[in-house]
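The values are calculated or read from the model by the stated rules, or taken from the named source; none is laboratory data. Given the structure is predicted, the values throughout are model-derived calculations rather than measurements. All Cβ positions, glycine included, derive from the backbone under ideal geometry; neighbour counts span all protein chains shown.
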Amino acid sequence: MRIKQIGVALAAAAVFALPAAPAQATSRIVPLDLAAGQQPENIALEPDGSADLTFAYTGEIGRVSPGGRVSVLARIPVPADGDVPVVHKKLFLGGIVRAPGGDLYVAVSTGTAATGLYRVRPGSPPVQVAALPPAGFQNGVARDPASGDFFVADSFGSVVRRVSAHTGQVTDWATGELLAPVTGFGANGVKVHDGAVWVSNLDRGTLVRFPLTGAPGRVAASGLGPVDDFAFHGDTVIAAVNQDNRVITTGRDGTRTILSISDGLANPTSVAVRGDTLYVADSAYFGGSPNLLRTLLR
């Protein structure tokens with residue numbers, strides 16, 4: 001695939017040194033049904049290579065099998081009086097993560113008391129395990145493998161909240177300007193990696209690193225464009241740049257585009273990596289067709 005070099009320097013290179021970006025190989029695209037509301041916002045991977053997807057506005061959690069079959073695992077009830085801030089939909093499903101036992105945890109925004117972090121357990125109705133502020137826009141979710149706690153990014157509240165896996169208690173774990181929006185969406189994707197919570201800020205085009213020790217956060221990379229969700233391939237960051245229809249890597253040698261609209265991207269919202277396999281969810285919020293793209297990195 002053609003790889004385009006982007007002339008974007010890293011901020012604070014001493015803080016964020018990454019190896020060269022991986023290259024991309026053969027891709028496979030699984031089409032999704034826009035008419036049925038299958039606009040994927042986030043991805044969690046199953047051990048067999050299936051991809052679990054949150055469909056943004058339907059309340060559905062879908063699963064795409066390794067062979068490309070799409071099914072619905074569960075449905076979060078859509079409240080009749082729901083009104084999600086800014087997007088003014090009755091419901092928005094954000095991040096999804098998988099716990100080791102197979103439970104899925106999903107961020108749900110409704111503009112009502114139904115807003116929160118939900119557990120989806122196979123064979124059981126979804127359960128709200130923690131209530132989150134209805135005025136917020138609950139977006140990315142990450143799980144700390146050491147404590148089992150969850151981190152949830154509020155794109156309007158300039159905050160990442162920590163949810164106890166044991167009690168459901170919610171605390172404002174990181175706040176401030178680094179997470180704040182400019183005119184739309186601030187804190188977006190969240191990952192726990194290398195002793196820190198990493199957060200993308202879509203409006204500011206930055207990636208911020210907050211040490212789990214509680215030390216102040218620092219901008220690790222900047223100039224990324226409208227960066228949505230991201231993942232790590234080793235210590236290299238792979239990120240979905242939503243409105244630009246790009247997937248990028250950022251590292252010691254700068255920022256590179258490894259996938260673009262010519263590869264079938266239509267508003268990529270999230271990425272996930274297992275081994276050398278990269279999954280990209282395309283939501284088609286602003287045109288095009290939603291899909292799940294799977295490709296190999298090398």
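The figures follow:
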| quantity | calculated |
| --- | --- |
| Matching entry among Thr269, Thr257 (being over 18 Å from the mean Cα position of the chain (by Cα), in a strand (DSSP E or B) and at pLDDT 95 or above) | Thr257 |
| Filtered residue count, segment 219-248, keeping only those that are of a type in the set (Asp, Glu) and at pLDDT below 95 | 1 |
| Residue list for segment 122-172, filter: of a type in the set (A, V, I, L, M, F, W, C), in a loop (DSSP other than H, G, I, E, B) and either farther than 15 Å from Thr110 by Cα or out of contact with any Ser or Thr (no Cβ under 6 Å at 6 or more places or on another chain) (or both) | Ala135, Ala146, Phe156, Ala165 |
| Cβ pairs under 7 Å, 6+ apart, first in segment 65-77 and on the phi < 0 side of the Ramachandran plot and loosely packed, with under 13 Cβ neighbours inside 10 Å, second outside any loop (DSSP other than H, G, I, E, B) and of a type outside the set (Gly, Ala, Ser) | Ser71/Arg63 |
| Residues of segment 272-298 satisfying the condition of being more than 17 Å from Leu202 (Cβ to Cβ), part of a strand (DSSP E or B) and without any contact (Cβ under 8 Å) to a residue 60 or more places away in the chain | Val273 |
| The one condition in (1) more than 20 Å from Ala44 (Cα to Cα); (2) free of Cβ contacts under 8 Å to residues at least 40 places away in the same chain that Thr257 fails to fulfil | (2) |
| Members of segment 267-289 found to be among the hydrophobic types (A, V, I, L, M, F, W, C) and over 20 Å from Ile96 (Cβ atoms), listed by number | Phe286 |
| Residue match in segment 111-125 (condition: surrounded by fewer than 21 Cβ atoms within 10 Å (Cβ to Cβ), at pLDDT 95 or above, among the aliphatic types (A, V, I, L, M) and within 19 Å of Val190 (Cα to Cα)) | no |
| Top-ranked residue of segment 191-232 - restricted to ones that are outside any loop (DSSP other than H, G, I, E, B) and over 15 Å from the mean Cα position of the chain (by Cα), ranked as surrounded by the fewest Cβ atoms within 10 Å (Cβ to Cβ) | Pro211 |
| Meets criteria (farther than 22 Å from Ser283 by Cβ, modelled with pLDDT of 95 or more and not basic (Lys, Arg)) for Gln169 | yes |
| Residue count, segment 233-243 (criterion: surrounded by 22 or more Cβ atoms within 10 Å (Cβ to Cβ) and outside any loop (DSSP other than H, G, I, E, B)) | 5 |
| Complete set of residues in segment 87-114 that are over 15 Å from Ala56 (Cβ atoms) and assigned to a loop (DSSP other than H, G, I, E, B) | Ala99, Pro100, Gly101, Gly102, Asp103, Thr112, Ala113, Ala114 |
| Strands (runs of 3 or more DSSP E) within segment 1-52 that include 3 or more residues within 24 Å of Arg256 (Cα to Cα) and at pLDDT below 50 | 4-6 |
| Which numbered condition Val182 misses (of (1) of a type in the set (Val, Ile, Thr); (2) buried (at least 18 other Cβ atoms within 10 Å of the Cβ); (3) in a loop (DSSP other than H, G, I, E, B)) | (2) |
